[in-house]
Amino acid sequence: MALFCLAPSGVPADEPADISTLRAKALEVLRIAKETSRGIQGKETDYENLAREIAEAQAEAGDINAAMSTVLKNPKYRDLLLSKIVISEANVGEIKSAFETLKGIKTLAERIYAYTGIAIAYSKQGFSVKAEEVFTQALEETELAETRFEKGELLKMIAKSQADIGDVRGAYLTFNKIPDADERARILINMVRKQVEAGNFKLAREIANVIDNGENKSAAFKSLAIGLAKKNRVAEALETARAIEDNYYKGSALAKISEIQALAGQAAAAKVTFYEAKKISKAIRDDPLEQAMILNDIAQSQWFAGNPADSRESFQEAKQVARSILPRKIEKSLLLKEIALAEWSCGNKDESKQTFQEAKQAALALPVEGRFYHRPIALKALAEALTTTGDLSMADQVVQEAKKAVLSMKGNFQDQGILLTSMADSSLEAGNAQAAVPLLQQAAQISLEISDPEQKAWNLTDIAIYQSKANDLDGALQTLQKAQQAAFRVQDEVQRTAVLMNISISYVRLGFIHAALQIADNSKNENEKAEVLGRITATQVREGDLDDAMKLAGEQNSALFKTKALIGIAKGLLEESAVQRRVLKETAPAPPEEEAGEAPSNTFVSAEGEGY
């Protein structure tokens with residue numbers, strides 16, 4: 001196994017100088033950290049963990065030889081580094097050597113990672129068949145996974161790599177092997193939507209066909225039908241929509257197609273399609289929620305198609321159905337809120353105001369007590385919708401009702417604090433920091449009543465972050481101090497360390513460096529203090545304070561503290577280099593656009609969000 005003259009994994013030869021400088025600084029800091037660690041004394045120190053941290057950072061910075069020399073005797077982390085070496089060898093064309101190195105890897109996840117690296121290298125070199133063979137080997141090995149979750153994660157790793165080289169069919173077939181049905185469907189639906197947006201209708205249909213029957217499959221075909229209609233393939237769109245199994249998605253798709261027809265000047269055809277969608281809605285007898293949702297969609301499409309009278313009639317029908325829902329069900333309030341929002345977007349301001357009032361009354365009719373807290377949740381959703389419309393007066397009234405509902409809940413202080421914080425977050429999203437501040441103050445006060453010190457500390461820390469977003473820095477500092485007091489009462493050492501590190505990071509980000517250092521000083525456990533120091537220096541570097549971080553590391557008299565502080569600095573530098581690489585990638589010139597028409601079926605467009 002050749003360890004010399006290897007191109008570092010993921011480090012391009014033409015990397016910009018500023019990114020290379022960050023990597024070089026990180027490697028120098030890690031060299032000093034490694035030397036410093038030799039002076040650590042004491043039986044309580046986890047030397048193996050220190051070696052792992054240094055080695056992983058060295059490997060990320062591109063110095064695989066240094067990383068290997070750091071943890072060569074640790075089998076688990078040796079595998080992690082061997083997988084990176086496999087990829088480096090494959091990237092420079094040493095495929096045979098890469099496979100030899102792979103034989104020495106025992107950890108399943110690292111073996112799969114190495115396989116995908118070889119496959120990608122093969123693809124870049126033009127050997128697509130060989131890449132497919134390697135992916136097949138990787139897929140076979142996923143059967144060795146001990147849990148469904150582990151198998152799902154390994155399959156996502158393979159599928160993402162297949163997608164990265166443009167093998168979309170291979171990717172969706174791999175995604176379709178994920179054991180968790182909900183996650184599998186979410187990913188595949190997103191793939192369908194993205195392929196539709198790119199004009200890859202044939203491929204979108206292929207992906208939609210492998211989705212399990214039910215709402216998810218219907219949602220995918222709705223996206224396909226609407227996409228086809230937008231490209232003037234109306235006959236195909238109608239055929240696709242009519243074949244949808246779920247009545248809501250079928251009716252909604254037809255409503256949108258009829259709108260597209262009307263806007264294209266096909267008034268007679270649009271009227272027929274609208275009638276078809278209406279007929280589907282009226283055929284639904286046992287699900288008023290689904291029926292009202294279709295009618296709401298139809299009403300919007302009719303409005304944008306230029307049929308305001310028909311639109312108002314459909315809105316009235318939707319509201320009539322919504323009113324038939326039992327009064328103590330949250331769906332009634334949420335549905336009326338959606339109809340009101342749709343009326344507002346269609347310019348029916350007076351009607352929407354009345355419907356919002358109905359939604360409010362429906363929310364206030366919900367019980368306060370109960371496991372799901374439906375009243376405050378419905379009121380919060382209503383307040384957000386009202387804020388969208390600019391009716392801040394009524395939104396504030398609804399927020400006060402939601403706050404009253406939360407405060408009237410008995411016993412569960414944790415949930416009360418979370419609900420109030422969520423309401424404050426909504427106010428901040430709407431640009432209303434003034435409304436958020438008292439909600440957060442109330443949330444912090446209630447959270448002090450939480451009996452579990454760990455949960456109390458987490459809640460308070462979250463609240464402090466939102467207080468800082470509301471420019472209430474004094475309140476944020478006080479809340480963090482209370483979180484700190486709670487954290488020191490956590491009995492479990494690992495959990496206490498995790499909470500304290502989170503608090504210290506929050507202190508640094510808010511500019512309270514001395515408070516963060518006080519956490520480290522107050523800790524009676526040396527390993528805990530070292531962890532906190534590492535997080536502080538990493539955060540300082542991310543915030544642009546490299547000199548202060550180096551100064552803090554240099555002030556440490558303990559070899560353990562200095563080592564961890566230096567490791568934190570290196571991690572901060574590497575994170576900054578990763579950020580700069582992402583920025584370069586995002587700002588790179590776009591490739592030339594292809595001529596109009598359906599995109600080639602092997603063109604990959606990633607799923608939205610966590611598409612893979």
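Observations on the model:
- Within segment 139-164, the set of residues being more than 19 Å from A208 (Cβ to Cβ), within 23 Å of the chain's Cα centre (by Cα) and among the hydrophobic types (A, V, I, L, M, F, W, C) comprises F149, L154, L155, M157, I158.
- Only listed residue being assigned to a helix (DSSP H, G or I), in contact with a helix residue (DSSP H, G or I) (Cβ under 8 Å, 6 or more places away or on another chain) and under 30 Å from D297 (Cα atoms), chosen from D396, D350: D396
- Options K469, K524; residue that is open to solvent by 10 Å² or more (accessible area, probe 1.4 Å) and either at pLDDT 90 or above or more than 28 Å from Y47 (Cα to Cα) (or both): K469
- Taken as a whole, the condition of being out of contact with any strand residue (DSSP E or B) (no Cβ under 8 Å at 6 or more places or on another chain), β-branched (V, I, T), open to solvent by less than 60 Å² (accessible area, probe 1.4 Å) and outside any loop (DSSP other than H, G, I, E, B) applies to I260.
- Pairs linking a residue in segment 141-157 that is closer than 11 Å to L108 by Cβ to a residue that is surrounded by 15 or more Cβ atoms within 10 Å (Cβ to Cβ) and of a type in the set (K, R), with Cβ atoms under 6 Å and 6 or more positions apart or on different chains, are T142/K151; A145/K151.
- Checking S422 against (1) touching a residue at least 12 places away in the same chain (Cβ under 8 Å); (2) open to solvent by 50 Å² or more (accessible area, probe 1.4 Å); (3) over 17 Å from A340 (Cβ atoms), the condition it does not meet: (2)
- Of the helices (runs of 4 or more DSSP H) that lie entirely inside segment 141-223, those containing 3 or more residues that are open to solvent by less than 10 Å² (accessible area, probe 1.4 Å) and under 25 Å from D246 (Cβ atoms) span 181-197, 201-210.
- Residue within segment 444-460 that is open to solvent by 30 Å² or more (accessible area, probe 1.4 Å) and farther than 30 Å from F488 by Cα present: no
- Scope segment 54-64; condition open to solvent by 20 Å² or more (accessible area, probe 1.4 Å) and assigned to a helix (DSSP H, G or I); matching residues: E56, E60
- Against the list (1) assigned to a loop (DSSP other than H, G, I, E, B); (2) of a type outside the set (A, V, I, L, M); (3) crowded, with 23+ Cβ neighbours inside 10 Å, the condition F356 fails is (1).
- Among the residues examined, A340 qualifies as in a helix (DSSP H, G or I), in contact with a helix residue (DSSP H, G or I) (Cβ under 9 Å, 6 or more places away or on another chain) and at pLDDT 95 or above.
- A322 more than 19 Å from K256 (Cα to Cα) and surrounded by 23 or more Cβ atoms within 10 Å (Cβ to Cβ): yes
- If you check S252, S314 for being small (G, A, S), touching a Leu at 6+ places or on another chain (Cβ under 6 Å), over 30 Å from V368 (Cα atoms) and crowded, with 18+ Cβ neighbours inside 10 Å, only one passes: S314.
- Pick from segment 472-494, criterion buried (at least 20 other Cβ atoms within 10 Å of the Cβ) and polar (S, T, N, Q), ranking: nearest to K524 (Cα to Cα): Q484
The values are calculated or read from the model by the stated rules, or taken from the named source; none is laboratory data. Just so it is clear, the model here is predicted, and its values are computed rather than measured. In this analysis, Cβ positions are derived from the backbone assuming ideal geometry, glycine residues included, and neighbour counts consider all displayed protein chains. SASA here: full protein model, heavy atoms, side chains in, ligands and nucleic acids out. Shrake-Rupley method; radii C 1.70, N 1.55, O 1.52, S 1.80 Å.
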